1. Looking at 271, 246, can you tell me which residue is under 30 Å from residue 553 (Cα atoms) and not assigned by TED's automatic domain parsing to the domain that holds residue 551?
2. Only one of (1) modelled with pLDDT of 95 or more; (2) part of a loop (DSSP other than H, G, I, E, B) is not met by residue 14, so which one is it?
3. Kindly provide the set of residues from region 556-570 that are under 22 Å from the mean Cα position of the chain (by Cα), closer than 17 Å to residue 634 by Cβ and not aromatic (Phe, Trp, Tyr), ordered by number.
4. Among (1) of a type outside the set (Gly, Ala, Ser); (2) under 26 Å from residue 456 (Cα atoms); (3) loosely packed, with under 15 Cβ neighbours inside 10 Å, there is one condition residue 108 misses while meeting the rest; what is its number?
5. If you take the residues in region 451-478 that are assigned to a strand (DSSP E or B) and closer than 22 Å to residue 19 by Cβ, which one is farthest from the chain's Cα centre (by Cα)?
6. Go through (1) hydroxyl-bearing (Ser, Thr, Tyr); (2) under 31 Å from the mean Cα position of the chain (by Cα); (3) assigned to a strand (DSSP E or B) for residue 168 and report which single condition fails.
7. Enumerate the helices (runs of 4 or more DSSP H) found wholly within region 606-700, keeping only those where 1 or more residues are farther than 30 Å from residue 298 by Cα.
Amino acid sequence: MRILLFLLLGATLPLTAQQKAISLEDIWSSYIFSPDGVSGFNFLQDGSSYAELEGNAVVTYDITTGEVARTLVDGNALPTDGGFSGRIDDYTLSDDEKKILISSETEQLFRRSSQSNYFVYDVASGALNPVYPEGKIRLATLDPTGRRVAFVVDNNVHIRDLSSGRLTQVTEDGEVNAIINGATDWVYEEEFGFSKALYWSPDGKRLAYLKFDERAVPEFTYTDFHDGAYPEYNTFKYPKVGEENSTVSLHVYHLEKDETTDLLTVNGDDSGSWHYLPRVQWTTEAGELTAQRMNRHQNELELLLFDLKKDKQRTLLAEKNPYYVDVHDNLTFLDDSFIWTSEQDGYNQIYLYGLQGGKPQQITADSFDVTEFYGVHDGRIYFQAAGRNPMQREVYTKQLKGKDRPRPLAAAAGYNDAQFSGNYDYFVLTNSTINRPAKVVVMDHTGTEIREIVTNQELAETIQEYGYQPAEFFTFTTEEGTELNGYMIKPASHATGQQHPLLMHVYGGPGSQQVLDNWRGQNMAWFQLLAQKGFVVAVVDNRGTGARGQELKKQTYLTLGKQETEDQISAAKYLGSLDFIDANRIGIFGWSYGGFMALHGILQGNDVFAAAIAVAPVTNWKWYDTIYTERYMRTYAENKEGYDRNSPINYADQLRGDLLLVHGMGDDNVHFQHTAEMANALIMNNKQFETYFYPNRNHGIYGGPTRLHLYTKMTNFLLDHLGQDTNTK
């Protein structure tokens, strides 16, 4: 075993009488282990100052000194007679920074969607005006000139002119569970990662939008219980594997002409070769709009350019992949070219394409993945990559057209992420390690630290006070021959000759990573609590996870669950062979895809795992949505063997250990159906198990004391079935 050890504050932290015991209330009620951050951070146009949402006010600071420059708007001082609640939830500055779009009383809809009361604040006059006095709206968006706001209400697109107050209703056919204009349907929001489908042109004279016709999409209903005589039934469009998707079309509304142009349609059935429109973006020219379209298998993508002035369309690039093409936002337009990232050479790299065609130029050509593209300025590109190893991230810069090697701007140990000012003179760097909470610092363009914004020193002292044990990174090689990365946390009482129960935490889904040298949040606090109770906790990234190139990530194509389960079982065997771990007391815990993996572990690895906790698990991919599942598995009709052989449902007869199944009954993502079918399979095989269900809770299972309740059950389950006392070998 090779161990890379990163120690908090440079020293181990043995548990002593002076160090406090961690409680579940500390983690999920008092939240004393949550780090500080910067809320609502935005660089301003001058490049030397930034705005932040602080104490219900939007305050600007000098980037180099940290001194307050001015308060742009104070929510506590705004009038409430026009419908404003007095609380600023979020804000957006107009490009000229003369107006501020404010949201208030925000209600969450699904993962990325919400509705709010919106107001526009005029910085100079102090006037506050509602965008839509009649009620809450969605996706309010200022145009680049700051003169208008586009938004969605009742599934229709509207535009408010801020000077005249005139309201224009762009579409009129919006209808719940039928037609959506300007917003996405459920599956696009969840799997393509966006809910806003409104796109202002650079000059603010045109508004592009997507229309979703979801009338042919099958409906799903879940039940909420709110102390009424009858429960509430929530019905929405959810396309499961092989079912019809929304028919999606792209349109452009010309404000001055008051007319709409229909540009492109992809069918939700299988009548055409193109099936999805996952991204829309304007170029630097006001009359040039681009759209990305994909086939149903998601292994072919085209980037189309629409010249609205000449009424012409052409293809800027076409990409095919033997597995699938990942949708991303790394598209940046320059005057005569554009930047794009692709895995076509085996790693995610940066390419420069000409707008008039020709062979693309590969800007980076390294044996590591570019994990985020920040932008381009003055002939240089700026990006994040896993350059040292997959567990860490650095910030790099490189000449756009030169042959120089990428130069690190931020490469301190751990995970580095950056946000650049408009002129790239400064960037705000967030750096953390798995053993140290995040620091947020201001850097200049050379990578020199200017000052600290957030230190999290108080939290660093708190975790020392509570005896956090250092996470140790390790690698091992599976029986199949793959080297995998992991980390583990040992009890402070660890000593030669003592054996401890082991909990393995897993997610394991395509492109994901859990073994990262960054601050791991609330679960890490729970792992530390378990370590105080005598557990070793370990996490291993299996085949299919990210930042190690395309071939390892896409090795699970068409067989989701197979290689991942083999790797987790192999990891458990390896860890169980260590002299301080009791091989007879190994448990596995996972949520969502991790719940799917935990079930596979306890069933297919029934000679290795003694207990498992599966929260909100997928139990058969044929019950999950089209976009995610078909990307990796194709349809059930095309790949029945791949689905059936890798469904925990079909291994229910193999349960030998202790199992806890948990699910939210209001889960719109992985439906309660998955756990209900798993429970039925176990019952029909006369297998005993425990279950917890959470009415009205979604996939995250939270709200009030819910997380405290859940983690109390999970902790007690582990203590009851794996124990906490060490024994002598």
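1. Values: 271 fails: under 30 Å from residue 553 (Cα atoms).
Matching residue, one of 271, 246: 246.
2. Here residue 14 meets the rest and fails (1).
3. Keep residues of region 556-570 that are under 22 Å from the mean Cα position of the chain (by Cα), which gives 556-557, 560-561, 564.
Of the ones still in play, those that are also closer than 17 Å to residue 634 by Cβ are 556-557, 560-561.
Passing the criteria: 556, 560, 561.
4. For residue 108, the failing item is (2).
5. Taking region 451-478 and keeping what is assigned to a strand (DSSP E or B), we get 451-454, 471-477.
From what's left, closer than 22 Å to residue 19 by Cβ: 471-472.
Numbers: 471: 24, 472: 25 Å.
Checked region 451-478; the qualifying residue farthest from the chain's Cα centre (by Cα) is 472.
6. Exception for residue 168: condition (2).
7. On the way: elements: 626-633, 640-645, 672-684.
Here the list reads 672-684.
Per-residue answers, yes or no, for (1) within 30 Å of residue 531 (Cβ to Cβ); (2) not β-branched (Val, Ile, Thr):
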| residue | (1), (2) |
| --- | --- |
| 30 | yes, yes |
| 35 | yes, yes |
| 38 | no, no |
| 41 | no, yes |
| 48 | no, yes |
| 52 | no, yes |
| 69 | no, yes |
| 80 | no, no |
| 87 | no, yes |
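The values are calculated or read from the model by the stated rules, or taken from the named source; none is laboratory data. If you're wondering where the values come from, they're calculated on a predicted model, not measured in any experiment. Because the Cβ atoms are built from the backbone with ideal geometry, glycine has one as well, and the counts that use them run over all protein chains shown.
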